[in-house]
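As structure tokens, the structure follows; a few thoughts come after it.
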Amino acid sequence: MSARAPAARFDQDALRRAVDTTLTDFMEDRVDDARRRGLPQQAAEVLAEFVRGGGKRIRPMLCLAGWQAAGGAAAVPPPVLKAAASLEMFHAFALIHDDIIDLSDTRRGRPTVHRRLNTDAALLIGDLALVFADDLLHGAALTPAQLRAALPITNSMRADTIYGQYLDVSYSGNPPDSLDPPLAIIRYKTARYTVEGPLLLGAALADVSDATACAPVLSAYGIAVGEAFQLRDDLLGVFGDPAETGKPALDDLREGKATVLMALALRNADAAQRATLHREVGNPRLTRRGAEQVRAVLTATGARAAVEEMIDQRRRSALAALDAADMPPHIAAELRSLAFSATARTT
């Protein structure tokens, strides 16, 4: 990589505030625009409230880490902040649609958009978030070279997310006992757009040559952490505390999601345990008692412990990629910290 001037530490709090300000200002403009044009401003207002209503801003933060990893300045310019913020807007699109597909009642401890309004309205508000993600990226005042570098990454990331979601719904209610489908789902639905894509986008905005040099390390790290993140999410979806996760504890089981956790349990279960899983998983009327029986099977078959080991393996793989990398020490330290926080989380 090219020589870099020493950079300040990666100030997550300050950068998160900057992203939040960017999103707030953008959504205020969109609400004002709807009002001026006589459009139904409620759609923009509900989306604005959803975007402001929580979230760790993981994707924008990773985009800005990728920016600095490839030599971008610690003082992030507004065009790069807007590009990073566009990832959060795409995330809003994905979450709103995902909640409709999963029939979820709550998100971040609040009613989901389709419960607050109705499914048709929520679907359209999710579509609006996708349009606004494009507005943020294309209206960010990136240079022509930056936009040429960014578009293939964002387009691929978005398409992979939707393909992953399609795979997810294809197996909904009938989870397989093979690991291949759920591993493909978590790679495309989560890992590429949660970690790898944002890192690569940030690096591409900094410098083409440095982005090319960074890409293999960022991809290796991003896929490993992204997969571990989703494996943790699948555990939390079954064993997590709703007071901490902000989501009901029965949704994933009622939906019958195709997860690595469930595939391992089905593969290792005896006849009685398999009967329990087939009876309860994917049952929209699953009771708390039924869920406890499923959790007991997931633990007794060793599936829960095996997923924990898979998370550990991917964390170690991500850290090994960083150890071999040539990047600013403060960014490597930030990514090491994220590898732990993203995979050992309780929310």
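No lab work stands behind these numbers, since they all come straight from the coordinates. Quantities reported herein were computed from a predicted structural model and do not represent experimental measurements. Neighbour counts are summed over all protein chains in view; Cβ atoms, including those assigned to glycine, are modelled from backbone coordinates with ideal geometry.
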Translational diffusion coefficient (Stokes-Einstein; Kirkwood radius from C-alpha pairs) of segment 1-82 at 25 °C, 0.890 mPa s, in µm²/s: 170
Expected output is a single nm value to one decimal: the length gained when fully extending between Arg35 and Ala344, i.e. 0.36 nm times separation in residues minus the C-alpha distance. What is it? 106.9 nm
Where does each of Thr301, Thr194 land when they are ranked from fewest to most other beta-carbon atoms within 10 angstrom? Thr301, Thr194
Plugging the Cβ-Cβ distance of Arg285 and Ala145 into 1/(1 + (r/R0)^6) at R0 = 56 Å yields, to the nearest 0.05, a FRET efficiency of 0.50
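To the nearest 20 debye, what charge dipole does segment 182-306 have about its Cα centre, counting +1 at the Cβ of each Lys and Arg and -1 at the Cβ of each Asp and Glu?
For this selection, approximately 640 debye.
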Test of understanding: what is the full-extension gain from Gln313 to Thr106, defined as 0.36 nm times their sequence separation minus their Cα-Cα distance? 71.4 nm
Computed over segment 36-187, the convex hull of the Cα set has an average projected area, in nm², of 11.2
Please give the FRET efficiency for Ser337 paired with Ala14, using the beta carbon to beta carbon distance and R0 = 22 Å, rounded to the nearest 0.05. 0.85
Select from Ala74, Cys63, Gly126 the residue farthest towards the positive end of the dipole of the chain; place +1 on Cβ of Lys and Arg, -1 on Cβ of Asp and Glu, and compute about the Cα centre. Gly126
What's the local net charge at Thr190, with K and R +1, D and E -1, over the other residues with C-beta under 13 Å away? 0
Using only helices, what value at 222 nm comes out for the chain when you add -39,500 (n - 2.57) per DSSP H run of length 4 or more and divide by the total residues, to the nearest 500 deg cm²/dmol? -23500 deg cm²/dmol
If you place +1 on the Cβ of every Lys and Arg and -1 on the Cβ of every Asp and Glu, how big does the dipole about the Cα centre of segment 83-236 come out, in debye to the nearest 20? 260
Measuring from its Cα centre, segment 12-341 shows a charge dipole (+1 at each Lys and Arg Cβ, -1 at each Asp and Glu Cβ) which, in debye to the nearest 20, is 480
Set the Förster radius R0 to 35 Å, insert the Cβ-Cβ distance between Asp323 and Tyr163 as r into 1/(1 + (r/R0)^6), and round the FRET efficiency to 0.05. 0.65
Going from the fewest other Cβ atoms within 10 Å to the most, one would list Ser172, Ser341, Ser86 as Ser341, Ser172, Ser86
Log entry: pair-distance distribution for segment 236-347, C-alpha pairs binned every 10 Å from zero, whole % per bin is 13, 37, 26, 16, 7, 1
May I have the convex hull volume per residue, in Å³, for the Cα set of segment 152-302? 109
Relative contact order for the chain: what percent, with Cα pairs under 8 Å and sequence separation of 6 or more? 20
Using only the Cα atoms, what convex hull volume per residue in Å³ does the chain have? 119
Please work out how much length the chain gains when fully extended from Asp120 to Thr299, using 0.36 nm per residue of separation minus the C-alpha to C-alpha distance, in nm with one decimal. 60.6 nm
Charges on Cβ only, +1 for Lys and Arg, -1 for Asp and Glu, centred on the Cα centroid of the chain; of Gly164, Val113, Ala300, which one is farthest towards the dipole's positive end? Ala300
